[in-house]
1. Which condition from (1) under 21 Å from residue 222 (Cα atoms); (2) modelled with pLDDT under 80; (3) not in a helix (DSSP H, G or I) is the one that residue 254 breaks?
2. Is it true that some residue in the range 250-265 is free of Cβ contacts under 8 Å to residues at least 40 places away in the same chain, touching a helix residue (DSSP H, G or I) at 6+ places or on another chain (Cβ under 7 Å) and loosely packed, with under 13 Cβ neighbours inside 10 Å?
3. If we scan the range 111-123, do we find a residue that is at pLDDT 70 or above and outside any loop (DSSP other than H, G, I, E, B)?
4. Would you pick out the residues in the range 207-233 that are in contact (Cβ under 8 Å) with a residue 60 or more places away in the chain, surrounded by 15 or more Cβ atoms within 10 Å (Cβ to Cβ) and not in a strand (DSSP E or B)?
5. Restricting the range 135-163 to residues that are within 14 Å of residue 274 (Cα to Cα) and part of a loop (DSSP other than H, G, I, E, B), which is modelled with the lowest pLDDT?
6. Residues that are loosely packed, with under 15 Cβ neighbours inside 10 Å, in contact with a strand residue (DSSP E or B) (Cβ under 7 Å, 6 or more places away or on another chain) and at pLDDT 90 or above: does the range 25-47 have at least one?
7. Residue check: is residue 6 over 29 Å from residue 200 (Cβ atoms) and either modelled with pLDDT of 90 or more or part of a loop (DSSP other than H, G, I, E, B) (or both)?
8. Applying the selection to the range 177-202, what residues are in contact with a strand residue (DSSP E or B) (Cβ under 8 Å, 6 or more places away or on another chain), outside any loop (DSSP other than H, G, I, E, B) and either at pLDDT 80 or above or more than 18 Å from residue 146 (Cα to Cα) (or both)?
């Protein structure tokens, strides 16, 4: 029985846990690390200091790649998240119960080199326009908690045909689908992630997440990133607000007039990939139309023509 009296013999021993969340994950889906007994001094109520470096070590032991993710801790005194640094000993512990204290941590991806757009990837200083179908950068596409197996197979088929580097599913097992007639899984990698956190931990480093859901930037106004991962929601619930906030971009398909903006998920994915390919071809055509007198075909950089005048 818990007793908060001042008697040393009545002081209850308290368990401490760290709960951490990947971008787009909710607290109830956070991962928990139970600190070993005695980590915080003698483990008695009120003795709640922990070094930030030790906290990071616990995350590493739990499988967090600290080279990719940095850690923020929730600070009750500031009512917000602050960066966890080595030497910090003032972690805030929430009193979950008489014998349990919990500290909230949030992971965020460390800054990576900026991902240029697919248009920018066509360097106007190079000599050759990419051939039709040649990729600049890469992209992958997948569905979170997809329900309809025919939609999954149709999306994989479109992904293969429109140049995706990979496809994926989140929250369900991959199965061969009859609607995937070219058997895309034999042509490009297809990954399966057990849940959202699993996807976040294993997604390509420095690739830009593009959430596809109603209410986003109209597709016609969107400039596709050079390296992108397109994430579509399930047919019934879509992507939740927390996931969309974790994405660098949020896009949607336009509709005519006031008609419903809800599209079939496989159709949505195909339209987005086709839009990417059309814009890529337009950039290639623009490059091919540039004057060539001061450059030569091949892989060399632009070089000035040699003067014919004698010296």
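The values are calculated or read from the model by the stated rules, or taken from the named source; none is laboratory data. Given the structure is predicted, the values throughout are model-derived calculations rather than measurements. Reconstructed Cβ throughout: ideal geometry from the backbone, glycine too, with neighbour counts over all protein chains shown.
1. Failing condition for residue 254: (2).
2. Yes: the range 250-265 contains one or more residues that are free of Cβ contacts under 8 Å to residues at least 40 places away in the same chain, touching a helix residue (DSSP H, G or I) at 6+ places or on another chain (Cβ under 7 Å) and loosely packed, with under 13 Cβ neighbours inside 10 Å.
3. Of the range 111-123, the ones at pLDDT 70 or above are 111-112.
Restricting the remaining residues to those that are outside any loop (DSSP other than H, G, I, E, B) gives none.
Taking every residue of the range 111-123 in turn, none turns out to be at pLDDT 70 or above and outside any loop (DSSP other than H, G, I, E, B).
4. 207, 224, 226, 233
5. Among residues in the range 135-163 that are within 14 Å of residue 274 (Cα to Cα) and part of a loop (DSSP other than H, G, I, E, B), the one modelled with the lowest pLDDT is 135.
6. Yes, because at least one residue in the range 25-47 is loosely packed, with under 15 Cβ neighbours inside 10 Å, in contact with a strand residue (DSSP E or B) (Cβ under 7 Å, 6 or more places away or on another chain) and at pLDDT 90 or above.
7. Numbers: over 29 Å from residue 200 (Cβ atoms): yes; either modelled with pLDDT of 90 or more or part of a loop (DSSP other than H, G, I, E, B) (or both): yes.
It is true that residue 6 is over 29 Å from residue 200 (Cβ atoms) and either modelled with pLDDT of 90 or more or part of a loop (DSSP other than H, G, I, E, B) (or both).
8. 190, 191, 192, 193, 196, 197, 198, 199, 202 - these are the residues of the range 177-202 that are in contact with a strand residue (DSSP E or B) (Cβ under 8 Å, 6 or more places away or on another chain), outside any loop (DSSP other than H, G, I, E, B) and either at pLDDT 80 or above or more than 18 Å from residue 146 (Cα to Cα) (or both).
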